[in-house]
Every structure is written in structure tokens, then in C-alpha cells.
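These notes are about the structure you will find just below.
Only the coordinates and a few stated rules stand behind these numbers; no lab work does. None of the values given here were measured: they were computed from a predicted structure. Cβ sites come from the backbone with ideal geometry, for glycine too, and all protein chains shown count toward neighbours.
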Amino acid sequence: MSETRASVVVVSRGRSNELAKCLKALRLQFYPNFEIVVVADQGGCAVVSGLGLQDHVKTVPFGEPNISAARNLGINHAAGEIVAFIDDDAIAEPTWLKNLTAPFVREDVAAAGGFVRGRNGISFQWKGELLDCAGQSRSINVEEMTVIRGTAEKSVKTQGTNCAFRRELLERLGGFDESYAYFMDETDLNLRIGAAGHSTAIVPDAEVQHLVASNSVRGSDRAPKSLYQIGASYAYFLRKQRLGDEFWIEFAQQQRGRLLRAMVAGQLEPRDVFRLMQELEEGRADGRLREHRLKKAFATAPDFKPAVVEGEAPQSHVISGRFGQRKKLYTEARRLATQGRAVTVFCFWPNALFHKRWFHPDGFWVQSGGIFGKSSRSDPLISFRSRMSRIKRELNAIRKTRGLGDGVKIDASF
């Protein structure tokens, strides 16, 4: 194996079903030299053994609701020179890790971040972003792998669900600041990387799909459940960066606007808005008292635990059929997935329904929608095509990230 060893850290708490899908997708990576480190509560650790992956995945029991402390534990147990992070409610494309780690062949690259698609698997949640010294982000247009050197005034923003760092850099910087239990944790690390003059790569082809599952802070509809830790983390960030109260005032106004929009949408009651804004202020009081909690030292890199056996690289397989045949399609996809294949199913209706791409709980990708429907925002509302021309068009759209070579065959026998 010539590829650099990589460790993929997955933090999970209270989301066993999502973790199971995340792990099934990770096992289909087109990267032969990686390990998986799951830092999870009791339910998450049980998922690993329930899937029969205890010999292929490191598990680190941890139930505290502190994302930074959990990630530092993951780093502590990571044996790879590169440490990547993905959320438990995210699905990595088969080429994700291969593309995300590719920039590290350059000695000046210290970190990397990829693009993130949303729940429908088509629209983007995040692309390339830069941070200023106040933690404010702005989008930048990036169409190919781009390396940007950080400064005290400018850093690349990476997303916690799709990022990677050199382990020795994380050790040197003290890892994630554990005073950020939730929110601003990645921003703080990005600013420290930039201030130290390190370079970060933005890698468009390193894609994950982020499902935004419910947690203790937000619902599956993204409506806030609690603003305490958000308030605490932001207040601590302002204190750490020596920023004035005007930043808090603007932030509180933004949070109130978010709550009011959720109330108008029927996701919150008026009493919820009052309670959540009160929590925000209580969190602020807590955050202003917090001290730096960077790791003074990490453990010596432990033994490497390969996630896949050498020579077991997955093969791509594409099958297609009509919506009425989906039971047969899924049965065949399930059979191929148990053989370790990265399977894509195209299942189309004879109508103009919008498309969506998703990962089936049984371990394969599905794209569903109408033959004449939209599969990108730039598409017209209706596009008249044959079924096969539609399949070829969608195949080309995912070819690079799904790892589908020019010679891949489409099984259209259904």
C-alpha cells in the first residue's frame, strides 16, 4: 500500500440508526489504507458489534455531550498520519477519503475540507468558505482542488462533517478546544491553523451527504431545541478572540430572527422563543467564564486497525429499472452490497418528479425521481428524455464522486 495511513473519526451520540448507515458507506471507500475510530455512547458502540465490525473498527466509549472532547479522544486513538472527520448523520461518497487525502502529498498542506450536499443528495449545503479573524465566513467560488495559505486575518473554513488534518498538526495545536462543547469548535481550530500560517486545501470532489438528523440541540426540521451551548460557545469565542459586545448583539439578533422564522413556520410556539432566548443569555453568562481547554499532549499513536482487508477494494455496480420494479432492484442491490460492492440503483418514474439521491439502510445508493424531472437547480421543470438517456445523464453527474469509470456497465435487465 502506497497511500498514506488515514484515520476516520466518527463521533456519535443518540443516533444509532444514522451511525449504522454512515459505517456501511465508509466500508465502501476506494481507499485501501484507512481505519475507522468510533467515539460513541453505549448505543453507538453496540452498533459496531451489531454490524459485526468489531474486528475492523476501533470503538471508544464516551457519553458526554461535548463534541470537542469526543474528537480529541478520536485523535488520541488514531494511528493514521492523516485524521479525517465525518458526522454520524453523513454519508461519504466512495471516493471521499481518496480525494480528501490527495492534497496531503504536498508538504505545505496541513488540512483539507470537501463539499457537502444536503438531504436530497443534490443541492449543496456547503462549498468553499473563508473566515476572517472574527469568525465571520464568506463563500468563495472553487471548482477544482485549491490550496490557500492562512494568515492572522484569513483562514479556510472546514466543516466538521467533512475535513481532515495532519495528526502531528493537531498534536502541536492542542486539538479541539474542549470549552466548545457544541458550536464554533471547527471555526476556532481553523483560525488557529490560519494564524500559524498553514495551508488548507478545498477539495470539491471529496463529497459527503449530510442528513442533518435530530440531536439534543436541534430537531430533524432544524428547529432549535436549546440555545444554551450555542450561547456559551459564542460568548467564549468572543472572549478568546477579544471581540466586543457589538458582535454578541448582532449574533443574538440573528438567533432571534431564526426563532421567529421557525415560529411562523409552525415549528415553535411563542413561549419557545422566549425560553430559547433566555437559554441563549444563560449560555452567554457561562461562556464568559470558560477557560481554554486545549490538550497538552496526545497519546503515542496506537496500533493501526485497517477498516478493510488488503485486496478487498470495492467494485462499482450500477443497476436500473422502473419504479414498479423497485422491490426486485433493491433485492439485487442488497445481494451485491453484501459482497462488498459499491452499488448505485437508478429507479425512475414515468413522470416529472424531482430527483433525490440517498443511501439505503441496507448499504447501497439510490437515485429516484421522474424520467422528465429536475435533478439540479439549473434544470428546466420538465425535460423530455428517454429512460436510457436519462440514466446516462445521471450516471455522468455522479461518475467522479461515485468512482464510476468509463467502462462501468449498467445492468438494465429489470
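Values as computed for the structure displayed
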| quantity | calculated |
| --- | --- |
| Eligible lysines near K305 by straight Cα distance, threshold 27 Å, same-chain separation 8 or greater | K21, K24, K58, K98, K295, K296 |
| Helix-only mean residue ellipticity at 222 nm for the chain, each DSSP H run of n ≥ 4 adding -39500 (n - 2.57), per residue, nearest 500 | -10000 deg cm²/dmol |
| The range 6-210: relative contact order in percent, alpha carbon pairs under 8 Å with at least 6 residues between | 27 percent |
| Loop sites in the range 267-304: GluC sites (Glu not before Pro), DSSP, at most 15 other Cβ within 10 Å | E291 |
| Most mobile listed residue (S139, S68, S214) in the chain, GNM with C-alpha springs under 10 Å | S139 |
| Contour excess over end-to-end distance, with Cα ends at R393 and S220 and 0.36 nm allotted per residue | 59.1 nm |
| Order of C45, C22, C133 - criterion: other Cβ atoms within 10 Å of each residue's Cβ, fewest first | C133, C45, C22 |
| Of R284, R71, R385, the one that fluctuates the most in a GNM where the chain has Cα springs shorter than 10 Å | R385 |
| Listed residues P270, P94, P306, most fluctuating in the chain (Gaussian network, C-alpha, under 10 Å) | P270 |
| Point-charge dipole on Cβ atoms (K/R +1, D/E -1) for the range 139-228, about Cα centre, debye to 20 | 160 debye |
| Of K327/K356; K154/K356; K328/K409, those spanning more than 24 Å from alpha-carbon to alpha-carbon | K154/K356 |
| Cleavage-rule hits, trypsin sites (Lys or Arg not before Pro), the range 73-160, DSSP coil, Cβ neighbours within 10 Å at most 12 | R106 |
| Neighbour cut-off at most 14 other Cβ (10 Å), DSSP loop, GluC sites (Glu not before Pro), the range 131-231 | E143, E144, E153 |
